[in-house]
């Protein structure tokens, strides 16, 4: 069966520090991968998506970046975090666009 | 891309009552999807509607896709405490990007 792993579950980082969040998918090949951010009590904002290794599309200009070094690995990074980067970061995948499967998310607090 | 609006933002329901949440898109959609997020959890896929006018049921939940494929609704009958959470609609356009509404957060009074 397919599973998605996302870590860490929670993270508290100081302003200006780097960030690396990792997401891996198991049990499927060539998934479409997504990074979403959810502000407290709000909807989901699409940050990045990838349809294949090395292919990244950015939806929102910001100080975040994404990479897909392997077929089932998606990484969200930042060189210097801002206070406004706080939020709930969710990785998701789909193969046939029939529903997205989300990871359990990372709650990031920038202090 | 499409913008998806969802109302109401909050729904306070007496246990046993019915309620409906509505979703509207600025553009015609390829399909619309519904997700449920329990407090502290992540969104979980409920259903996808593809055809114009389509109606699907999951136990006490009834999902409908509008004739013009620009709006949708979720109706829950006989609300239970297990229905607590935030319900998101998400519209998928021809570019396959999924745009989420802001969600309807449901609380239930026992």
Notebook entry, point to check: Any idea how many residues of segment B:80-96 are surrounded by fewer than 14 Cβ atoms within 10 Å (Cβ to Cβ) and within 13 Å of chain A (Cβ to nearest Cβ)?
Noted result: 3
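In this structure, does residue B:88 turn out to be under 24 Å from residue B:110 (Cα atoms) and at pLDDT 95 or above? Spell out the reasoning first.
Working: under 24 Å from residue B:110 (Cα atoms): yes; at pLDDT 95 or above: yes.
So residue B:88 passes the test.
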Check: Looking at (1) touching a residue at least 60 places away in the same chain (Cβ under 8 Å); (2) out of contact with any helix residue (DSSP H, G or I) (no Cβ under 8 Å at 6 or more places or on another chain), which is the only condition residue A:57 fails?
Finding: (1)
Notebook entry, point to check: Restricting attention to segment A:17-53, which residues are in a strand (DSSP E or B) and without any contact (Cβ under 8 Å) to a residue 24 or more places away in the chain?
Noted result: A:45, A:46, A:49, A:51, A:52
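Going through A:74, A:88 one at a time, which residue ends up being within 14 Å of chain B (Cβ to nearest Cβ) and either assigned to a strand (DSSP E or B) or farther than 27 Å from residue B:89 by Cβ (or both)? Please lay out each step first, then the result.
Values: A:74 fails: within 14 Å of chain B (Cβ to nearest Cβ).
So the residue among A:74, A:88 that is within 14 Å of chain B (Cβ to nearest Cβ) and either assigned to a strand (DSSP E or B) or farther than 27 Å from residue B:89 by Cβ (or both) is A:88.
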Margin query: I'm trying to understand the selection: among the residues of segment B:57-79, which are without any contact (Cβ under 8 Å) to a residue 24 or more places away in the chain and surrounded by fewer than 16 Cβ atoms within 10 Å (Cβ to Cβ)?
Written below: B:57, B:58, B:59, B:60, B:67
Check: Quick check, is residue B:26 within 12 Å of chain A (Cβ to nearest Cβ), modelled with pLDDT under 95 and either farther than 20 Å from residue B:108 by Cα or in contact with a strand residue (DSSP E or B) (Cβ under 9 Å, 6 or more places away or on another chain) (or both)?
Finding: no
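Would you check if residue A:56 is modelled with pLDDT under 95 and assigned to a strand (DSSP E or B)?
Details: modelled with pLDDT under 95: yes; assigned to a strand (DSSP E or B): yes.
Criteria met by residue A:56.
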Next item on the list: Could you please find all residues in segment A:51-65 being more than 11 Å from chain B (Cβ to nearest Cβ) and closer than 24 Å to residue B:101 by Cβ?
Entry: A:58, A:60, A:61, A:62, A:64
Notebook entry, point to check: residue B:108: under 13 Å from the mean Cα position of the chain (by Cα), away from chain A (no Cβ under 14 Å) and farther than 24 Å from residue A:89 by Cα, yes or no?
Noted result: no
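Tell me the residue from A:84, A:29, A:20 that is touching a strand residue (DSSP E or B) at 6+ places or on another chain (Cβ under 6 Å) and over 26 Å from residue B:85 (Cβ atoms), please. Walk me through how you get there before you give the answer.
Values: A:84 fails: touching a strand residue (DSSP E or B) at 6+ places or on another chain (Cβ under 6 Å); A:29 fails: touching a strand residue (DSSP E or B) at 6+ places or on another chain (Cβ under 6 Å).
That would be A:20, the only listed residue that is touching a strand residue (DSSP E or B) at 6+ places or on another chain (Cβ under 6 Å) and over 26 Å from residue B:85 (Cβ atoms).
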Item checked: Flag for residue B:99 being touching a strand residue (DSSP E or B) at 6+ places or on another chain (Cβ under 9 Å), within 14 Å of chain A (Cβ to nearest Cβ) and buried (at least 21 other Cβ atoms within 10 Å of the Cβ) -> yes
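The values are calculated or read from the model by the stated rules, or taken from the named source; none is laboratory data. Quick caveat, the model's predicted, so the values are computed rather than measured. Quick reminder, even Gly has a Cβ in these numbers, built from the backbone with ideal geometry, and neighbours come from all protein chains shown.
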